[in-house]
Amino acid sequence: MANESAKRPLLSGLVDPPKYPQKNTTTKRKRFLRSKSAPSVDILLGPTEVGGTLPDSKLNSIYFRPSLKQVVLYLVIYLGAGAACFYLVKDQLAGKKTNGVLDAIYFSIVTMTTVGYGDLVPNSVTTKLLASVFVFTGMAIVGMLLSRAADYLVEKQEMLLYKALHMRCKGGEAHMLKQIETNKVKYKFYTTAVILVLLITIGTVFLWKVEKLEFVDAFYCVCSTITTLGYGDKSFSTGGGRAFAIFWIVTSTVCVAQFFLYLAELNAEHRQKLLAKWVLTRRMTFVDLEAADLDDDGVVGAAEFIIYKLKEMGKISEEDIALVMEEFEDLDIDQSGTLSAADLVLAQSNR
């Protein structure tokens, strides 16, 4: 009896149906369709043990994604501190000035986004040290926090973009949400591209009409700003222009960063789909059969086949499988090759 248990495939029992007589493939297929997915992250981040919860410090280290309110709060704190500091040392800033408070906020924005026109520059030891501190903290806010706000705004526009692209297509809201989720990266890329074109147009027209730049110079200034190139030969020089720049520079520089991020993700997703299509359409060989046979019993179960195909697609690796199997073996207290409620109780009591 012990030998039979030892020879039994470890993974096939997880998904294969019991071998009762008069069972056909339809029953097996329905069994797979009824399988439940793992609980959501929100559930897993609740109580983890009887009488205890996951510590806040560990939770933050595992999963930290600031909300839009937190992003706005951090930005307000940064701009408030920057405006206060640079207003106090406004006489130590060289360049064309308009209004003390406005110039301080404008200089903070230009520093945070690393645009650095050069129309206002530090001209003392104090201002140079302050600028050095604020450029690092500002880059952290742009890189780690403001992208969350961009994601939020883009996600809000995805539904409108889908409706615009599929005006004549019929289908309910459920179908629409499914399509958006399936092509999430593509729609984010399209949405960001539309917003970016809109921001470039608004910035160019503003510089052309309000700052009185030539149209080509206005477009040139917009491009050098949103890419944070900031040559400095063309910039916002009027009070109204700098008030506009405070909002426009932050939005446009973050938007262009998100545009290239989604472009890279879209390219990676396309290559992943091509690989998956190749894996699923090529014929399986005897070499593949041998490689997929994880427990060396001469046959490949559904779980082994799925794992092998996921490895080929690059979804999982040998290290991932090894880590999961190590956890399985730790939980399988009675070494039966299956997990039960009794195993989980014993595993928790041994911790």
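Points worth noting:
- Figure legend. Inter-residue proximity from the range 254-276: first residues of a type in the set (A, V, I, L, M), second residues open to solvent by 60 Å² or more (accessible area, probe 1.4 Å) and outside any helix (DSSP H, G or I), beta-carbon distance below 9 Å, spacing 6+ or different chains. Indicated pairs: 256/227; 276/315.
- Members of the range 292-306 found to be open to solvent by 50 Å² or more (accessible area, probe 1.4 Å) and under 36 Å from the mean Cα position of the chain (by Cα), listed by number: 294, 305, 306
- Residue 303 vs. criteria within 30 Å of residue 273 (Cβ to Cβ), assigned to a helix (DSSP H, G or I) and touching a helix residue (DSSP H, G or I) at 6+ places or on another chain (Cβ under 8 Å): yes
- Within the range 248-275, the set of residues being surrounded by 15 or more Cβ atoms within 10 Å (Cβ to Cβ) and touching an Asp or Glu at 6+ places or on another chain (Cβ under 9 Å) comprises 258 only.
- Residue in the range 170-183 that is modelled with pLDDT under 90, over 20 Å from residue 117 (Cβ atoms), under 26 Å from the mean Cα position of the chain (by Cα) and not in a helix (DSSP H, G or I) present: yes
- Top-ranked residue of the range 102-121 - restricted to ones that are open to solvent by 30 Å² or more (accessible area, probe 1.4 Å) and either out of contact with any helix residue (DSSP H, G or I) (no Cβ under 6 Å at 6 or more places or on another chain) or small (Gly, Ala, Ser) (or both), ranked as modelled with the highest pLDDT: 121
- Index of the failed condition, residue 114 passing every other in (1) of a type in the set (Val, Ile, Thr); (2) more than 20 Å from residue 253 (Cα to Cα); (3) in contact (Cβ under 8 Å) with a residue 12 or more places away in the chain: (2)
- Options 322, 342; residue that is within 35 Å of the chain's Cα centre (by Cα) and assigned to a helix (DSSP H, G or I): 322
- Residue 346 being farther than 25 Å from residue 290 by Cβ, in contact with a helix residue (DSSP H, G or I) (Cβ under 7 Å, 6 or more places away or on another chain), modelled with pLDDT of 80 or more and among the aliphatic types (A, V, I, L, M): no
- Qualifying residue in the range 249-256 (condition: over 22 Å from the mean Cα position of the chain (by Cα) and at positive phi): no
- A count restricted to the range 192-215 and to residues that are farther than 29 Å from residue 261 by Cβ and open to solvent by 40 Å² or more (accessible area, probe 1.4 Å) stands at 6.
- Scanning the range 203-234 for residues that are at pLDDT 90 or above, part of a loop (DSSP other than H, G, I, E, B) and of a type outside the set (Val, Ile, Thr) turns up 211, 212, 213, 214.
- Which numbered condition residue 86 misses (of (1) part of a helix (DSSP H, G or I); (2) open to solvent by 30 Å² or more (accessible area, probe 1.4 Å); (3) in contact with a strand residue (DSSP E or B) (Cβ under 9 Å, 6 or more places away or on another chain)): (2)
- Residues of the range 279-288 satisfying the condition of being in contact with a helix residue (DSSP H, G or I) (Cβ under 9 Å, 6 or more places away or on another chain) and open to solvent by 70 Å² or more (accessible area, probe 1.4 Å): 280, 284
- Some residue of the range 266-288 being of a type in the set (Val, Ile, Thr) and under 33 Å from the mean Cα position of the chain (by Cα): yes
- Some residue of the range 319-327 being modelled with pLDDT under 85, surrounded by 11 or more Cβ atoms within 10 Å (Cβ to Cβ), over 30 Å from residue 229 (Cα atoms) and of a type in the set (D, E, K, R): yes
The values are calculated or read from the model by the stated rules, or taken from the named source; none is laboratory data. Since this is a predicted model, take the numbers as computed values, not measurements. Note: ideal-geometry Cβ built from the backbone for every residue, glycine included; neighbour counts use all protein chains shown. The area values use the complete protein model at the heavy-atom level, side chains included, leaving out ligands, DNA and RNA. Shrake-Rupley method; radii C 1.70, N 1.55, O 1.52, S 1.80 Å.
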